[in-house]
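Coordinate-derived values only; no laboratory data. Every value quoted in this text rests on a predicted model; they were computed, and no experiment measured them. Note that each Cβ is placed from the backbone with ideal geometry, even for glycine, and that neighbours are counted across all protein chains shown.
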Amino acid sequence: MRISVKWLKEYIKFDLSPKELGERLIMTGSEVDEVIEIGEGLDNVVVGRVEEIKAHPNADKLILCSVNVGDESPIQIVCGAPNVYEGAVVAVALPGAKLPGGISIKKAKVRGVESAGMLCSMKELGIGEEHGGIMILSEQMRPGDNLVEALNLRDTILDLEITPNRPDCLSVLGIAREVSAITGNPVQFPTVILKEDQKRIEELTSVEVLDDYLAPRYAARVIKDIKVGPSPAWLQERVRVAGMRPINNIVDITNFVMMEYGQPLHAFDYNKLSENRIVVRRANEGEKILTLDGTERTLSNDMLVIADAEKPVAVGGVMGGADSEVDASTSCILLESANFYAASVRRTARKLGLRTEASARFEKGLPSELVIPAIDRAAQLIRKIAGGKVAKGIYDVWRGAESLKELEVNSNRVNKVLGTNIPKDKMMSILTRLGFEIYDQAECNQTFKVKVPYFRGDVSREADIIEEVARIYGFDKIEATLPRSEGVEVTPSMDLVLQDKVRTILIGCGLDETITYSFINPKAYDLLRLPADDHRRRFIQIGNPLTEEQSVMRTTLIPSLLEVVARNAHRGVEDCHIFEIGATYIPEELPLRELPEERRTLAITLSGHRSEESWDAGKEKVDFFELKGILEVLFEELNVNDYEIVPSKDVIFHPMRQASIIVQGKNIGFIGEMHPDILEGYGLKDRVQALEIELKPLVDFMNRHIAYKGLPRYPAVLRDIAIIADKSILSRRIQELIEKSGGSLIEKVHLFDTYSGAQIPEGKRSLAYSIIYRHKDRTLTDEEINVVHERIMSVLTEELGVEVRK
Amino acid sequence: MREELESIRVQCLNGISSVTIHDDLEKLRVKYLGKKGLLTKVLRGMGKVSPEERPIIGSIANEIRDELEEAIKTRYSYIKEKEKAQRFETEAIDVTMPGRRRSYGKKHPLTLIIDEIKEVFVGLGYEVVEGPEIELDYYNFEALNVPPDHPARDLQDTFYITDDFLLRTQTSPVQIRVMESQSPPVKIIAPGKVYRCDSDVTHSPMFHQIEGLAIGEDITFGDLKGTLTIFSQRLFGKDRGVRFRPHYFPFTEPSAEVDISCMICNGKGCRLCSNTGWIEILGAGMVDPQVFKVVNYDYSKIGGFAFGMGVERIAMLKYGIDDIRLFFENDLRFLEQF
Ligand SMILES: [Zn+2]
């Protein structure tokens, strides 16, 4: 909302500079987005009269103007504008001027001819938008006068951000009321005395409202014998500073009054209305209208239209139709001032993709009471500026006034909520200045009653009154305190504690944390080569995604991480050791009928080299066991010891290098080397190791009791065992068998070497384990150990058919 | 015999001074002082010496033995030191060569900011909670005093899944869920992901917010100011000015936006703060009575404040990041700077 300080001052006196005014408005709730100084940089721009025009000797499109700028002799200016004529009074930028558009004026030669300045357009002067040519001034203006003074241009525009609850502030008078509350000075409202004609409006037209829910009030006036033409300069300036384009006197007046009062108005060409009457109704499904912007709109039944006897002539509260537009030939108008149901205007404007100054106001909810003052003000101005006779009366169809809201305010309660000691009198004076009417108040009483003014639809409860008092009193005057402690017991969420811990551990393992979008491309599931019935393809779709790439909620984090790996590889970062903790979204049912499960999930991918580049380290690449080692460390640190890694068959992995992760008998995720075809799909040449687990099942382990075990006091004995086994026998099986058959004397079993190749038969491999034997109460003898060790060897031979190497 | 002893002494001393390695020294010791060594051999011939001379020869022999042993010991230390010095020489390294690094990962910058914010509020007695990202329209809007067709819905372009389910546009629904499930007093913060259909240099369709809520019998607007002033200064420095400006949110009344004085220009005005000297970091306000009504809290008995902030915005301000998309590209050269 652009507010001209000069315009504002016509309704209220104040001593604040524009900058101070802006500060005060900010601190009372109207944010200032921008402060625009009009007339800035125009010191060296003067009024000039073009005395003579000659052709430029070297350029067809340029002319030489001899311009009187108040000096004894005229100056010569080279100009290219098509609309200059001899006798034209123009704006002349003299050498030294620095125009708002950034142009600096110097004496210069243009195509070999001396030019002592520039004739300016409005745009170049920063006072308007048109650029059809240079600005032509009134012939009464005196050459040599400073342009800013001559046009009384000096002004400051405050571009205010008005919050959606305050449509009353989308007007100069509304802001004047705010300034009044700030300064205590009264608002001078325009005096409207309207001289009406003898002819009664009922003889000229009728208004029929068929849906008074969507149109609570519709008022019309008819004005005959008007003369449509350009607006006077002052009106054009007002319209321009408000950010609109002057069109003609009628349209400019409706816009002016909208800016002044906040009530949108519309003027129809009376003679273009079929049967000269208005019907306010819902549109018929598929009904069409050509709106003022020249676009044909197809309407639907939930939209309100203003129609004549036959067809829609405006989309209610949004935009008028082109067919009934006021133009140079118009001699009689029907002026509309109406109130429309906010939600419906908002819906209609959205559906049509057409937001206008009018719809922006209506959709926030305007009071019906504003309709009459605004239509009278407009009629008064039209009569004054465009001439004409205003028919007697207003055709006013109103569902009925709602009585003003009355609220009881407890001043103690206000102070209790704010933490202040504002006297009751102070509160009452703030509210009075905002237009509230105080009644039923006694000196001795803490409470008083207020009537809420009609233009404050946003105030309906005591809390709203508290806000009014607080913002005008000044948030900055309220003392900053801390809540008195109420002794709330704070129990940290174990889910969050777990997530934090997992992050800390993985960072310690050298992984970087990533955060990627929760929505992914559905094609990602194809890239993963998932079959049609794979559970991961049961994803939730976004109804209105921004792009296909961000259109479905992910059921796995792997594609997101692969994209990160690919993006980094593409940018030359090859070694990528990353993880993410995020939700996967698992629907119970599709389409959704209840909230889906948001499964906290951890994913890790490793690719590239094992460790950071060093001058002596090997250039080994990561493999499955690198990632498995990280998983083992993670589980160890989280006290998770009851888990198994079981070979699996997931299509996303290398068929021979993958496993399920089973914790306490429950499958919580997978680990493996990504399938080369998938990596190819992501444009990756290097192998990628990946893991994904659900975190929730790990939470229980967080509270696991840790009991200290005494340090061993007797020596351990270390014995190795080497076997040659079928490749199909899993290491875990062998290890378990050793532990089981070794019994309580075994402290630890550890695989320290594997080998297959020369000297080992095809299909077999050698595995070497070291076993640590220890008794907690005494030193073991060789004989004791031999018995156990022999037993282990014979069990392995018998149960697994392996060969024990001696 | 004296001459014999003297010549052994001289020979041995000569030998000692000429050996340079430890093994040769040991051989020399055995040769002269060992059980079958030259000195012992000479002393075996003591029989031939007159009884009067024996003690004299004996003491001379002992002196010589002591002297030689001492000389060997000295020589031994000398050789040892020399060998050490040589070893050190051969083991010289270039200490300016790079170390062999244990790699250590980095938390995501947004996690760092969330952690920092959590720390401040946990210190003030707040509990950290989470809520669902896929939400019901009811919790995201209606319960927060934003009925259908409310103009505030325009400010937040919403991703819808169905008419009832949406991606939450704010962390505020967590307020409702918490108040529904526990009675006052309440002090929580709720970090999490939120979603809006908007994408450019400063808007991401997914971003993070932190919501805060404090409910109790005597909580005032002054308490809101105090709490958020502490927070702002903890995050951005003690010398930052903090300003509370009236604003509008459907679920708080009165509502405020919180600005800090610009850290680049210190309030003088620059590009970062669009020449205002202030930078907005938070939205806040006293919980609207309508919200209390929805969760069956008695507005006449309790009060409270709520606040919300964008994590990316705070991270961008703190780290001087000018493109929000960097957070989600996860270029390791970006991530590893934090
Ligand atoms: Zn600044």
When you have a sec, figure out the Kirkwood radius of the stretch A:24-127 from all distinct Cα pair distances and drop it here in Å to one decimal? 15.1
From the P(r) of the stretch A:558-687, could you give the percentage of C-alpha pairs in the tail past 27 Å? 27
Rounded to the nearest 10 degrees, the helix A:371-386 long axis (Cα) sits at an angle to the longest Cα principal axis of chain A of 50
Run down the aspartates and glutamates and flag those whose C-alpha is under 18 Å from the C-alpha of A:K449, throwing out any fewer than 8 positions away in its chain. A:E406, A:E408, A:D425, A:E437, A:D440, A:D458, A:E462, A:D464, A:E467, A:E468
Non-local residues with an amide H under 5 Å from the amide H of A:R200, with H modelled 1.01 Å from N and Pro and chain starts lacking one, are A:K392
Taking the highest mean first, how do the peptides A:270-280, A:444-454 order by number of other beta carbon atoms within 10 angstrom per residue? A:270-280, A:444-454
Return the lysines within reach of B:K31: Cα separation strictly under 21 angstrom, same-chain partners fewer than 8 residues apart disregarded; answer none if there are no such residues. B:K41, B:K73, B:K80
For B:W278, A:W234, A:W398, A:W615, ascending order of other Cβ atoms within 10 Å (fewest first) is A:W615, A:W234, A:W398, B:W278
The stretch A:390-474: radius of gyration over Cα atoms, expressed as a fraction of 2.2 N^0.38 Å: 1.35
Of the candidates B:Y160, B:F207, B:V122, the farthest towards the positive dipole end of chain B (Lys/Arg Cβ +1, Asp/Glu Cβ -1, centred on the Cα centre) is B:V122
Work through the residues other than A:G763 whose Cβ is under 10 Å from its Cβ and net out their charges, Lys, Arg +1 and Asp, Glu -1. +1
Using the 2.2 N^0.38 Å rule of thumb for compact globular proteins, work out how the stretch B:75-203 stacks up: its C-alpha Rg over that value, please. 2.13
Just the C-alpha atoms of the stretch A:480-634: what Rg/Rh do they give, with Rh taken as the Kirkwood radius? 1.07
Could you state the angle between the C-alpha long axis of helix A:731-742 and the longest principal axis of the C-alpha atoms of chain A, as a value from 0 to 90 degrees rounded to the nearest 10? 50
A correct Karplus calculation of ³J(HN,Hα) over the stretch A:568-576, with 6.51 cos²θ - 1.76 cosθ + 1.60, θ = phi - 60°, whole Hz and x for Gly and Pro, returns 5, 4, 4, 8, x, 9, 8, 8, 10
For chain B, the Rg and Dmax computed from alpha carbons only, in angstrom: 42.9, 134
Among A:F475, A:V802, A:I105, the residue whose Cα sits farthest towards the positive end of the charge dipole of the protein assembly as shown (+1 at Cβ of Lys and Arg, -1 at Cβ of Asp and Glu, taken about the Cα centre) is A:V802
Just tell me how shielded B:307-319 is by partners: mean number of partner chain Cβ atoms within 10 Å of each residue's Cβ, no decimals. 0
Name the cysteines of the protein assembly as shown that stand alone by the Cβ rule: no other cysteine Cβ under 4.7 angstrom. A:C65, A:C79, A:C120, A:C169, A:C332, A:C444, A:C509, A:C576, B:C12, B:C197
Using unit Cβ charges (K, R positive; D, E negative) and no other charged atoms, how large, in debye to the nearest 20, is the dipole of the stretch A:390-476 about its Cα centre? 100
Could you give the spread of the C-alpha atoms of the protein assembly as shown along their three principal axes, from largest to smallest, in whole angstroms? 168, 77, 74
Could you state, as a whole-number percent, how many of the C-alpha pairs of the stretch A:52-107 are farther apart than 13 Å? 64
What Kirkwood hydrodynamic radius do you get for the stretch A:713-804 when you take the inverse of the mean 1/r over all pairs of distinct Cα atoms, in Å? 13.7
Starting from 0.36 nm per residue, how many nanometres of slack lie between A:D623 and A:D495 once their C-alpha separation is accounted for? 43.0 nm
Helix A:494-508: angle to the longest alpha-carbon principal axis of chain A, degrees 0 to 90, nearest 10? 70
How crowded by other chains is A:511-521, given as the mean number of beta carbons from other chains within 10 Å of each beta carbon? 6
Furthest towards positive pole of dipole, A:P216, B:A92, B:F231, structure part the protein assembly as shown, Cβ charges: B:A92
Would you please calculate the Kirkwood hydrodynamic radius of the stretch A:534-581 over all C-alpha pairs and express it in Å, rounded to one decimal? 12.5
Normalised contact order of chain B, rounded percent, pairs of Cα under 8 Å and 6 or more residues apart: 15
Would you mind working out the magnitude of the charge dipole of the stretch A:90-214 relative to its Cα centre, with +1 at each Lys and Arg C-beta and -1 at each Asp and Glu C-beta, to the nearest 20 Debye? 1120
Give me the tail of P(r) for the stretch B:1-125 as a percent: Cα-Cα pairs with distance above 21 Å. 63
What are the extents of the Cα atoms of the stretch A:98-173 along their three principal axes, in Å, largest first? 61, 28, 21
Enter the Cα centre distance for the pair the stretch A:150-201 and the stretch A:570-600, rounded to the nearest angstrom. 54
Note, A:R277: beta-carbon cut-off 9 Å, +1 each Lys/Arg, -1 each Asp/Glu, net -3
To the nearest 20 debye, the protein assembly as shown has a Cα-centred charge dipole, built from +1 on Lys and Arg Cβ and -1 on Asp and Glu Cβ, of 2060
The stretch B:29-46-the stretch B:318-338 distance, computed between alpha-carbon centres (Å): 83
Starting from the Kirkwood radius over alpha-carbon pairs of the stretch B:185-338, derive D by Stokes-Einstein at 10 °C in a medium of 1.306 mPa s and give it in µm² s⁻¹. 94
Sorted by chain and number, the residues with a modelled amide H under 5 Å from that of A:T447, at a separation of 5 or more or across chains, are A:S411
Taking every alpha carbon pair in the stretch A:182-287, what does the distance histogram look like in 5 angstrom bins from 0, in percent? 2, 9, 14, 17, 19, 16, 12, 6, 3, 1, 0
